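Novice: Sharing a structure here in structure tokens format.
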Amino acid sequence: MSELAEVAVDTKHPAIKGEYYYIVPEPLKEKLKVGSRVKVPFNGRTVDGVVIGFLKEEEAPCDFSLKEISAVDERYVLPPFMLELAERLSKYYGAHIIDFLKLMLPPDVSLPREALYSAAEASEAESFRSKIQGEVFRVIKDAGPITSDDISKILGLPPSKVKGALSSLVKKGLVKKEFRLKIWDHYEDDKKPVFPPQLTSEQSKVLEEINQNIENEKKPVLLFGVTGSGKTEVYIRAIEKVLAKGQKALVLVPEISLTPQMTERFRSRFPGRVAVLHSRLSDGERFREWYRIYRGDADITIGARSAVFAPIRELGLIIVDEEHETSYKNMEFPFYDARQVARFRAELQGAAVLFGSATPSVESFYRAVKGEFGFLKLTRRVTGKPLPPVEIVDMREELKAGNKHIFSRKLCNEMDAALARGEQVILFLNRRGHSTFVLCRDCGYVLKCPHCDISLTYHMSDKKGKCHYCGFEVKAPDTCPNCDSRRIRYFGSGTEKVEQEIKIRYPGIGVVRVDADSTSRKGALEEMLWQFKSGKAQVMVGTQSIAKGLDFPRVSLVGIIAADVTLNLPDFRAGERTFQLISQVAGRAGRGDIPGKVIVQTYCPESLAVRAACQYRFKDFYREELINRKRFEYPPFYFLMNLIFTGVDNDKVEAAAIKVRKILEEKGLQVKILGPIPAPRFKVKDHFRYNLLLKSKDQESLIRAGDILKQLKGFDRKVLLSWDMDPQDLM
């Protein structure tokens with residue numbers, strides 16, 4: 001009787017995605033395990049899959065002929081807790097288990113292998129006729145498994161002679177030859193001794209409570225620490241405690257921009273023990289780091305969102321730095337949130353979770369206040385210096401005074417003074433490109449993307465209008481395509497324009513621009529951060545990637561060019577994000593011995609989010625925000641699920657959304673259904689988009705809704721339906 005394997009199969013179309021049964025061929029029986037990555041035939045082609053179970057042929061719930069598994073990847077097997085995590089996430093987010101197993105697998109790349117030699121069982125030294133064979137055998141007996149290159153170095157013999165001796169020993173059955181992937185650490189860790197800083201009394205107290213929690217309760221903990229209060233040093237000391245117990249740690253950061261500085265600091269304190277995972281690594285680099293973690297060669301894993309799926313055994317602590325950041329949410333299917341995944345994973349592996357932020361998310365703050373999370377605070381900077389004073393500039397008054405420039409008079413004066421003193425300046429604008437849109441002043445024509453419902457952003461570097469959603473680009477016109485007028489003008493400002501204006505105003509001053517455009521080349525980000533840190537650049541211009549985690553002691557001035565960019569978005573989190581960005585960017589100033597100052601330019605100085613951030617009134621903001629969230633039935637008082645319908649035919653997309661609403665209503669779920677309505681980003685990549693928003697006080701009702709959607713039959717195949725549990729973006 002044949003043995004069958006249940007395989008989670010990776011197929012493109014969601015209607016046929018799922019788990020299927022395959023015959024285990026005789027040659028693969030010893031190699032296949034639960035968690036093995038396999039190749040299987042499916043719909044006339046070979047696809048990837050993961051084995052999730054075994055059963056006998058008579059137990060299979062089908063009576064049709066089955067196909068055989070084609071091949072198995074013997075290099076690794078996903079650990080049982082990873083499969084359990086994938087199953088839990090599949091249920092929570094309403095996706096298939098393969099959607100999460102894929103995130104746990106490394107890139108499918110071929111890497112060089114090396115031979116390892118070890119003494120065969122019961123083999124003993126003998127009187128070798130060949131002196132070299134005897135010496136080689138004794139080295140293997142003492143030091144194996146070992147490579148031929150290492151044997152050559154130990155004996156001081158040419159590689160060719162060692163290989164000849166090894167060949168003979170293998171033929172005699174005295175030595176075993178096995179292969180392993182050739183993995184090496186491609187980073188040069190700093191092995192110099194590093195003397196850790198003295199902890200402040202606040203840090204010591206917080207660390208003691210974190211360590212007690214790790215030992216005992218393992219309750220999620222929120223560390224609410226002002227910018228510059230030394231959260232990273234607390235992380236390092238907590239990790240030292242975990243490593244001393246023989247366990248490992250995972251450190252999540254929200255942006256790749258934070259990885260270089262965080263990695264540098266951790267590598268100096270834990271040389272040779274740190275692995276890094278993020279999207280800028282090549283497939284080969286990513287596989288090598290993944291495999292180091294899988295083998296247990298790395299004690300600390302640092303990475304962005306996807307690193308939460310790293311194959312770490314003996315996990316003792318997960319740290320989520322800047323936990324408020326929305327970049328922890330994967331905005332494409334499957335819509336997982338790394339913060340939630342971290343909590344699930346900690347429960348499965350018996351680990352502790354530490355969330356850290358100077359501006360916690362409203363949901364985390366509420367959980368901490370209610371006692372669901374532990375709540376610890378760092379209220380002072382480690383330098384003892386106060387938080388920098390923040391001054392609000394009302395840009396409406398600037399316009400009345402005749403100043404139409406992107407810089408207010410106050411910001412210009414402060415920049416003049418700071419640069420004259422040889423200090424550094426950071427300018428923040430959460431919008432890349434040169435100008436927001438291109439407009440004809442005669443007929444009102446706006447240069448738009450033909451595939452998306454959005455105007456094109458003008459990029460001066462290559463004089464093109466670009467769509468930041470689908471990548472469409474076109475040369476910016478000199479005359480209006482609609483009326484042939486030459487009165488084409490560029491409106492709005494992006495980081496490119498700010499950089500240009502700084503270079504005009506301060507010729508000879510070094511400027512670096514940190515945004516998605518300037519850092520696309522590998523190594524560009526690290527190079528820019530080094531230029532600024534070394535003083536070769538005096539001004540840094542950037543988007544939200546510079547708003548957190550960066551520590552430059554010579555920065556005395558921070559200018560927030562337009563605090564309103566995120567304030568007026570049609571999203572219930574707009575105020576929270578504005579408050580967080582202002583607070584985080586302001587925290588980059590005055591971190592060293594030089595006093596800092598922050599200038600915030602805004603057209604809405606009366607906004608609570610702006611005023612509270614500028615006056616460091618954290619409690620006032622959270623109190624008011626929670627009142628509004630409760631009144632309008634948003635998290636943390638209600639759970640949300642956003643259904644997104646997309647397709648090329650607008651009428652069919654709308655009809656499908658209406659049909660699904662009726663189906664959900666007929667199921668009698670305890671949910672409120674809003675919509676369908678056209679999504680704020682109505683058309684993206686030639687696809688029309690409609691949203692249905694589900695609200696419920698009971699998250700289980702939303703999980704049941706996900707199960708219903710997953711099993712939906714007879715749905716229009718020309719309309720794609722996806723659903724996002726705990727959405728961070730309703731656009």
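Novice: Mind counting the residues in the stretch 19-44 that are in contact with a helix residue (DSSP H, G or I) (Cβ under 8 Å, 6 or more places away or on another chain) and either at positive phi or buried (at least 19 other Cβ atoms within 10 Å of the Cβ) (or both)?
Specialist: Residues flagged as in contact with a helix residue (DSSP H, G or I) (Cβ under 8 Å, 6 or more places away or on another chain) and either at positive phi or buried (at least 19 other Cβ atoms within 10 Å of the Cβ) (or both) within the stretch 19-44 amount to 1.
Novice: Taking the condition more than 30 Å from Glu217 (Cα to Cα), among the polar types (S, T, N, Q) and part of a helix (DSSP H, G or I), does Asn430 pass?
Specialist: Judged against the criteria, Asn430 is not a match.
Novice: Test each condition in (1) on the phi < 0 side of the Ramachandran plot; (2) buried (at least 20 other Cβ atoms within 10 Å of the Cβ); (3) in contact (Cβ under 8 Å) with a residue 60 or more places away in the chain for Tyr603 and report the one that comes out false.
Specialist: If we test Tyr603 against (1) on the phi < 0 side of the Ramachandran plot; (2) buried (at least 20 other Cβ atoms within 10 Å of the Cβ); (3) in contact (Cβ under 8 Å) with a residue 60 or more places away in the chain, just (2) comes out false.
Novice: Going through the stretch 629-673 one residue at a time, which ones are surrounded by fewer than 17 Cβ atoms within 10 Å (Cβ to Cβ) and in contact with a Lys or Arg (Cβ under 7 Å, 6 or more places away or on another chain)?
Specialist: Result: Glu633, Phe637, Asp649, Lys652, Lys672.
Novice: Another question, if that's okay. Please pick out the residue among Leu83, Leu89 that is modelled with pLDDT of 95 or more and either of a type in the set (Val, Ile, Thr) or touching a strand residue (DSSP E or B) at 6+ places or on another chain (Cβ under 9 Å) (or both).
Specialist: Leu83
Novice: Please pick out the residue among Lys503, Lys497 that is farther than 25 Å from Thr578 by Cα and assigned to a helix (DSSP H, G or I).
Specialist: So the residue among Lys503, Lys497 that is farther than 25 Å from Thr578 by Cα and assigned to a helix (DSSP H, G or I) is Lys503.
Novice: Residues that are assigned by TED's automatic domain parsing to the domain that holds Ile546: list the strands (runs of 3 or more DSSP E) wholly contained in the stretch 227-314 that include at least 3 such residues.
Specialist: Once the strands (runs of 3 or more DSSP E) in the stretch 227-314 are filtered for at least 3 residues that are assigned by TED's automatic domain parsing to the domain that holds Ile546, nothing remains.
Novice: Could you list all residues from the stretch 378-393 that are at pLDDT below 90, among the charged types (D, E, K, R) and under 14 Å from Lys231 (Cβ atoms)?
Specialist: Arg381, the sole residue that qualifies.
Novice: Next question. Would you check if Lys672 is outside the structural domain of Gln340 (by TED's automatic domain parsing) and more than 22 Å from Tyr93 (Cβ to Cβ)?
Specialist: It is false that Lys672 is outside the structural domain of Gln340 (by TED's automatic domain parsing) and more than 22 Å from Tyr93 (Cβ to Cβ).
Novice: Quick check on the stretch 225-272: of everything there that is at pLDDT below 95 and among the β-branched types (Val, Ile, Thr), which residue is surrounded by the fewest Cβ atoms within 10 Å (Cβ to Cβ)?
Specialist: Out of the qualifying residues, it is Ile256.
Novice: Looking only at the stretch 670-694, which residues are over 27 Å from the mean Cα position of the chain (by Cα), in a strand (DSSP E or B) and more than 14 Å from Leu720 (Cα to Cα)?
Specialist: If the condition is that a residue be over 27 Å from the mean Cα position of the chain (by Cα), in a strand (DSSP E or B) and more than 14 Å from Leu720 (Cα to Cα), then Lys672, Ile673, Leu674, Gly675, Pro676, Ile677, Pro678 are the ones that fit.
The values are calculated or read from the model by the stated rules, or taken from the named source; none is laboratory data. Keep in mind that this is a model prediction, so the values were computed, not measured. For neighbour counting, all protein chains shown are included, and Cβ atoms are generated from backbone atoms with ideal geometry for every residue, glycine included.
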